[in-house]
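Some notes on the structure that comes next.
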Amino acid sequence: MLRPLLVCLPLAVCRADDALPKPDLLPTTRAIHEAIAKAADPAAEAMKPYTEKVPQTEDATLDLVVIPGGEFTIGSPEAEEGRLPDEGPQRKLKIEPFWMAKVETTWALYQPFMENQKSRNKDGTLNRDGNITTSEPPERKDGETLVDVVTQPTPPYVPMNFGMGDGYAKDCPAVGVTQHAASKFCEWLSAQTGHFYRLPTEAEWEYACRAGTTTAYGFGDDPAQLGDYAWLAENSDFQYQAVGGKKPNAWGLFDMHGNVAELCLGQYAPDAYAALKDGDINPWTVITKRYPTVVRGGSWNDDPDRLRSAARLGSDPAWKMIDPQLPKSLWYFTNAPWLGFRVVRPLKTPPVEEMHRYWNMDGDTE
């Protein structure tokens, strides 16, 4: 039997319960929130595209495009016809404006976060006592920065590029990333830039992918056109490709279909849309357990049907099968070379507690 879903609307008032996850890490969130509040923000005043410099990435940049607010219908009409039940029932939702990364997060941005040159405990806190199984408070010591105390990955046990491309090619998408790792990357990114970043909700992702369309794909209904817009099983040579190599959608987003499937902020459930109502604003389903969480967009390893705007997938513990650790790592999906993510920035910076929840909602159990 499926457990009841907690669908929150709007985002700003969402709470899974009265207790925040990882309360010991709240001081770091509070410090980042204060830095964001102090930062000048001309992009927000004009709500226009901008390029973000990320200091700890050897001058790699992040390009953000504007996703205008509006209404759209989430899901697929096929669900209404009794097929693809997890893509319905369809609901007409309202989405507030936000920025979205033009391309999927690349190794140029992610590798410095993954290979952070610091001794880390398994949970990503700084290892100061020599025991990697303990968790240590995020207090800044002499010579440490706010970015240092953001929890970050331990080294991977296998090459996370899986032999694809030219090693960790800077213009290829980062892959094998867990929901937890992607969310902590967003925190790391926010600590450096003075802007709040997180994963997109499922509703935001589909709204951005559709870019005003109601068709199966962001460009229409004909899968024969996918080769112009997407890397998929039939044209990818069974590996990821450099981001931005195909045509963008109408809002300037590349690779929303294919290349790598993308993690979203939200618990996956096959009946998630049943809890929604027409007119809901910015809905999402709170993550209360580690699996499954929402994945969207399809990948280089998929057939056309999995690349549709409405297609949904839930994460699975089997994606860590070859990880030799017990318990298995929080950071890596060692069996998912087709899985990545991109980031968003909402127009409104959320309160401290909400911000903390977005970055720390990996659930408590496998």
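The numbers here are math on the coordinates, done by the rules we state, and not lab data. Because the structure is a prediction, the values reported are computed rather than measured. We place every Cβ from the backbone using ideal geometry, glycine too, and count neighbours over all the protein chains shown.
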* Asked: Based on Cα positions only, what radius of gyration and what Dmax would you give for the range 269-361, in angstroms?
  -> 15.7, 46
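Gain in length, M321 to A46, computed as 0.36 nm per residue apart minus the alpha-carbon separation, to one decimal in nm?
94.4 nm
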* Cα extents of the range 218-277 along the three principal axes, largest first (Å) -> 38, 24, 20
* Distance between Cα centroids, the range 310-334 to the range 244-302: provide it in whole Å. => 18 Å
* Structure fact -> Distance in nm between A275 and E136 label points, each 7 Å along Cα→Cβ, equals 3.8 nm
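Starting from the Cα-Cα distance between K247 and Q117, subtract it from 0.36 nm times their residue separation and give me the gain in nm to one decimal. Spell out each step's value before the answer.
Working: separation 130, 0.36 × 130 = 46.80 nm, distance 3.68 nm.
Value of the extension gain: 43.1 nm.
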* What list do you get for S135, S183 if you sort them by fewest beta carbons within 10 Å? -> S135, S183
* To do: Quick one: order T105, T214 by neighbouring beta-carbon count within 10 Å, fewest to most.
  => T214, T105
* To do: Run the quick spin-label model on F238 and K38: label points 7 Å from Cα toward the beta carbon, then report their separation in nm to one decimal.
  => 5.3 nm
* Where does the Debye-calculated log10 I(q)/I(0) of the range 56-115 sit at q = 0.13, 0.17, 0.25, 0.29 Å⁻¹, using only Cα point scatterers of equal weight, no solvent? -> -0.61, -0.75, -0.94, -1.07
* To do: Enter the mean projected area of the convex hull around the alpha-carbon atoms of the chain, in nm², rounded to one decimal.
  => 17.5 nm²
* Asked: What order do you get for W319, W205 when you list them from fewest to most C-beta neighbours inside 10 Å?
  -> W319, W205
* Structure fact -> Ranked by GNM mean-square fluctuation in the chain (Cα springs under 10 Å), the top entry among P304, P327, P137 is P327
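Within the set K170/K289; K289/K328; K92/K348; K102/K170; K48/K246; K102/K141, which residue pairs have Cα atoms separated by over 26 Å?
Checking Cα-Cα distances, K170/K289; K102/K141 exceed 26 Å.
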* Helix-only CD estimate at 222 nm, as mean residue ellipticity for the chain, using -39500 (n - 2.57) per DSSP H run (n ≥ 4) -> -5000 deg cm²/dmol
